[in-house]
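The values are calculated or read from the model by the stated rules, or taken from the named source; none is laboratory data. Please read these numbers as outputs of a predicted model, since none were measured by experiment. Please note: Cβ atoms are built from the backbone with ideal geometry, for glycine as well, and neighbour counts cover all protein chains shown. Side chains included, ligands, DNA and RNA excluded: accessible areas come from the protein's heavy atoms. Shrake-Rupley method; radii C 1.70, N 1.55, O 1.52, S 1.80 Å.
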Amino acid sequence: MTDVAETTRASLPERAPRVRRTLRAVLEARSSGWTVPLLLWLGSRAFSSLLLGTVYLLATTNGWAFASPRRNPSFATFSGSWDASFYRTIAEHGYPQALPLDAAGHVLPNAWAFLPVFPALCRALMDLTGTSFWVAGLVIALGCGAGACVALYRLLLAVADERRARWGTALFAFAPTGFLLQVAYAESLFLLLLFAALLALVRRRWWLVGVLGTVAAFTKPGVLALAVALAVHLLVHWRSLRRRERVAVTVTGLVVAAAGLAWPVVASAVTRRPGAYLDTELSWWVGFVGRQHFVPLTPWFRMAGTWLGPIGIVLVLAVIGIAVWFALRRDVRALGPEVLGFAVAYGAYLVAVFLPQQSLPRLLMPLAPVLGSDAFVGTRRKAWTWLVIGLCLQPVAVVLLWFLGFP
């Protein structure tokens, strides 16, 4: 196995010029709406697969300890570490009817923090093919990752132009977190649904937004930002919309908002414990900030204050200020009120409810539509710079998250 690892490692420099030539050809090609995003997805999967495979071979050969322990270690289980184990539990056994508690009666981390659509699809594929969860999760993630690239490309094509669509999709596919589009997480499925819903919103297919948004609401949290985007769309286009269209947008927004708020209600009803979902989420905070009560808009300050003191509070305020400045840029606003409304609402959601830690880069992936702005792709040199940064940081992210932390 050492020879295999050395051969794989030695081949990386040899393949670099070929990869650059291929990327250049794809990024300069014209597209029908499918070809370029699928080629970018294919190239990014080749890069991420080579990266993950090399790391897996090196770690296995040298006996490195993975941060996520696994029985029957294989490349498939390597690609399904950490949160994937909860999705596997849901797919194979469903959700617990009673929350696990420690000796003091506090809720422990459990499957209720993870929503049901992705594990349900995995279960369906497992029953259909007889394969394991790890393989089913990998296959679904790969397929949905391809769909997410296509949906993002078409969304950027609708709000910008072909060049920005190509580059924005490339930056998304080759981002530092790009390898997550092929692990047994719900990310690629959620991103597919989300980008497709935003595209439907831009094209004024509001009922389709309702369907996609409702499914997304039971895939991962964060869909309330889509409801805000619908509200922004309604306000901006109020005069040009007929009464029937205003009703359609309003009803769709209410449906998406209700779906986004439904899972905590479901968790409490099944477990017969008020606040079951919130208590479950807070159980993951204990190792970072101790046991806490949830207060909206405080998690970032609490985390920063705990680890960095007053400097951390200043740092959070600076990050929020930079985010506001970025959102007010002319090139970002040029992406349209729907994309801007969603991005601002989703960013506000993260600040309001999320405790920032190593999974923050993963949770920033829904903001990918802003990659079509001039801040990232305004010039060819700027776009190539961001692409190279993504390619260089992805192996760093894989090593850090797979061996020191968790994505």
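Tabulated results
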read-out	value
Residues of the stretch 273-316 satisfying the condition of being farther than 15 Å from Leu350 by Cα, touching a residue at least 24 places away in the same chain (Cβ under 8 Å) and not hydrophobic (A, V, I, L, M, F, W, C)	Arg273, Tyr277, Asp279, Thr280, Ser283, Arg291
Some residue of the stretch 189-209 being touching a His at 6+ places or on another chain (Cβ under 7 Å) and in contact (Cβ under 8 Å) with a residue 12 or more places away in the chain	yes
Residue count, the stretch 362-407 (criterion: open to solvent by 20 Å² or more (accessible area, probe 1.4 Å) and among the hydroxyl-bearing types (Ser, Thr, Tyr))	2
Where a residue in the stretch 236-251 is under 16 Å from Pro337 (Cβ atoms) and aromatic (Phe, Trp, Tyr) and its partner, wherever it lies, is assigned to a helix (DSSP H, G or I) and open to solvent by less than 70 Å² (accessible area, probe 1.4 Å), with Cβ under 8 Å and at least six apart	Trp238/Arg246
Matching entry among Trp402, Trp386 (being among the aromatic types (Phe, Trp, Tyr) and modelled with pLDDT under 95)	Trp402
Complete set of residues in the stretch 277-297 that are surrounded by fewer than 17 Cβ atoms within 10 Å (Cβ to Cβ) and not in a helix (DSSP H, G or I)	Trp284, Gly290, Arg291, Gln292, His293, Phe294, Val295, Pro296, Leu297
Lone qualifier among Ala334, Ala327, Ala343, Ala383 - being under 30 Å from Val249 (Cβ atoms) and touching a Lys or Arg at 6+ places or on another chain (Cβ under 9 Å)	Ala327
Of residues in the stretch 298-310 being assigned to a helix (DSSP H, G or I) and either among the basic types (Lys, Arg) or loosely packed, with under 15 Cβ neighbours inside 10 Å (or both), the one farthest from the chain's Cα centre (by Cα)	Pro310
Sole exception among (1) over 22 Å from the mean Cα position of the chain (by Cα); (2) of a type in the set (S, T, N, Q); (3) assigned to a helix (DSSP H, G or I) for Ser240, by number	(3)
Residue that is out of contact with any Pro (no Cβ under 6 Å at 6 or more places or on another chain), not in a helix (DSSP H, G or I) and not aromatic (Phe, Trp, Tyr), where the choices are Ala151, Ala184	Ala184
Options Ala170, Ala124, Ala136, Ala197; residue that is part of a helix (DSSP H, G or I), surrounded by fewer than 21 Cβ atoms within 10 Å (Cβ to Cβ) and over 14 Å from the mean Cα position of the chain (by Cα)	Ala124
Every residue from the stretch 105-118 that is within 20 Å of Ser268 (Cα to Cα) and either open to solvent by 40 Å² or more (accessible area, probe 1.4 Å) or modelled with pLDDT of 95 or more (or both)	His106, Val107, Leu108, Pro109, Asn110, Ala111, Trp112, Ala113, Phe114, Leu115, Pro116, Val117
Residues located in the stretch 209-249, provided they are of a type in the set (Ser, Thr, Tyr) and either open to solvent by less than 60 Å² (accessible area, probe 1.4 Å) or in contact with a Phe, Trp or Tyr (Cβ under 8 Å, 6 or more places away or on another chain) (or both)	Thr214, Thr219
Candidate set: the stretch 32-62, residues that are part of a loop (DSSP other than H, G, I, E, B) and open to solvent by 30 Å² or more (accessible area, probe 1.4 Å); chosen: the one modelled with the lowest pLDDT	Ser32
Single match in Ile313, Ile322 (criterion: surrounded by fewer than 15 Cβ atoms within 10 Å (Cβ to Cβ) and in a helix (DSSP H, G or I))	Ile322
Residue tally, condition part of a loop (DSSP other than H, G, I, E, B) and either in contact with a helix residue (DSSP H, G or I) (Cβ under 8 Å, 6 or more places away or on another chain) or open to solvent by 50 Å² or more (accessible area, probe 1.4 Å) (or both), over the stretch 325-361	10
Those residues of the stretch 155-211 which are β-branched (Val, Ile, Thr) and touching a helix residue (DSSP H, G or I) at 6+ places or on another chain (Cβ under 8 Å), in sequence order	Val159, Thr169, Thr177, Val183, Val202, Val209
From Ala136, Ala200, residue being within 30 Å of Leu235 (Cβ to Cβ) and small (Gly, Ala, Ser)	Ala200
